[in-house]
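Notes to accompany the following structure.
The values are calculated or read from the model by the stated rules, or taken from the named source; none is laboratory data. Remember, predicted model here, so these are calculated numbers, not experimental data. Cβ coordinates were reconstructed from backbone atoms using ideal geometry, including for glycine residues, and neighbour counts include every protein chain displayed. Accessible surface areas use protein heavy atoms only, side chains included; no ligands, DNA or RNA. Shrake-Rupley method; radii C 1.70, N 1.55, O 1.52, S 1.80 Å.
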Amino acid sequence: MGINPELVGRVFPAGESYQVGREKIREFAHATKATSPAHFDVQAAQELGYSDVVAPPTFAIIVAQRADAQLIADPASGIDFSRVVHADQRFTHHRPIVAGDELIAELYVDQVREMGAGAMITTRAEISSISGEKVATTVSSLLVRAED
C-alpha cells in the first residue's frame, strides 16, 4: 500500500498533554549539548526574565513527535515507519518553553508529494499551552521510501 494522498488537509486533534518538567529540560539540554545556565539553574533563568528553567529551542520536537505518532500509527495513512527517513525539521517559536508548561499539539498534514515510488509528507504541529496560548509551530518533512 502506498501513502494515502487523501491525507492532505487532515487534522489530528491534540492528544494527551505533555507536562514540561525541570529535569526533562535539563536532560534534553545535556543530550543536545546546550550549555546555557538558564537550561539548568532556576536562578540563572529568572535573571534572564523566565519564570523557571527554559528549554533549548529544539525541545519542542518532543511534543511535535507525540503528535506525529498519531499519523504514523493510523493504518489509513499507508506509512510503514521502518521506511521513514526524517528529511527536514523547522521551528517557529511564539514564546519560550519553560518548566511548568503543560503543552498540547494539533497535527496538520500539509502536503503529500510522490517522489518516484516513495513519498514526502509534510506535517505541521501547532503547539500550545492547555489554556490556548500559542507556543511553537514545527514543520516536519518525512520521506517514506518505497518498498524494495
Report the calculated FRET efficiency for Gln89 and Arg145 (r = Cβ-Cβ distance, R0 = 22 Å), to the nearest 0.05. 0.75
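When only C-alpha pairs under 8 Å and at least 6 residues apart count, what is the relative contact order of the chain, in percent? Provide the component values of the computation, followed by the final result.
Numbers: 312 pairs, mean separation 43.7, N = 148.
Here the relative contact order equals 29 percent.
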Tally up the carbon and sulfur contribution to the accessible surface of region 1-40 as a whole percent, 1.4 Å probe, everything protein left in place. 55
Quick one: grab Rg to one decimal and Dmax as a whole number for region 1-88, Cα atoms only, in Å. 17.4, 54
Lys134, Lys24, Lys33, ranked by accessible area, largest first (probe 1.4 Å): Lys33, Lys134, Lys24
Convex hull per residue volume in Å³, alpha carbons only, for the chain: 110
Probe 1.4 Å, protein heavy atoms only - accessible area per residue of region 99-148 in square angstrom: 45
How far apart, in nanometres, would the label points at Ser17 and Ala73 be if each is projected 7 angstrom from Cα along the Cα-to-Cβ direction? 2.0
In nm, to one decimal, how far is the His30 label point from the Asp80 one, both placed 7 Å along Cα→Cβ? 3.8
Dipole moment magnitude, nearest 20 debye, region 1-95 about Cα centre, only Lys, Arg, Asp, Glu C-beta charged: 120
For Asp41 and Gln65, calculate 0.36 nm times their separation in residues minus their Cα-Cα distance, and state this gained length in nm to one decimal. 6.0 nm
